[in-house]
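Worksheet: one structure, shown below.
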Amino acid sequence: MATNTADYIWFNGEMVPWAEANVHVFTHAMHYGTSVFEGVRCYNTPKGPIVFRHREHAQRLKNSAKIYRFPIPYSVEQIMEATRETLRQNKLDSAYIRPLAFVGNVGLG
């Protein structure tokens, strides 16, 4: 299955090169599926790129994590700005965006 990759990814609150966005094999989410995600579209318009229902997606991501009882340490506004910055860094005006939050403690038990 072909996968498009980005040059940069917002990872743990900072923009990092794609190859440096690594998760340890003992990360909790790898073993127990403790993660939440959204599927978001960005469309190219005559006024520039527009992220469809941006705020709603960012809020739902935070709400999903809250239900799962792990907090996302970023505000809705920070998540939205991270999305915009990721699009800028990757020079994208049309994209499918997959924000993912997960429990990242290394160790099992």
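The values are calculated or read from the model by the stated rules, or taken from the named source; none is laboratory data. Because the structure is a prediction, the values reported are computed rather than measured. Note: ideal-geometry Cβ built from the backbone for every residue, glycine included; neighbour counts use all protein chains shown.
A few points about this structure:
- All told, ASN63 falls short of being modelled with pLDDT of 95 or more, touching an Asp or Glu at 6+ places or on another chain (Cβ under 6 Å) and not charged (D, E, K, R).
- Under the condition of being touching a Cys at 6+ places or on another chain (Cβ under 9 Å) and not in a helix (DSSP H, G or I), the residues counted in the stretch 55-109 number 6.
- Residue among ARG69, ARG55 that is charged (D, E, K, R) and at pLDDT 95 or above: ARG55
- Test for ALA58: is it among the small types (Gly, Ala, Ser), surrounded by 18 or more Cβ atoms within 10 Å (Cβ to Cβ) and closer than 17 Å to PHE11 by Cα: yes
- Test: residue in the stretch 28-45 that is part of a helix (DSSP H, G or I), modelled with pLDDT of 95 or more and in contact with an Asp or Glu (Cβ under 6 Å, 6 or more places away or on another chain): no
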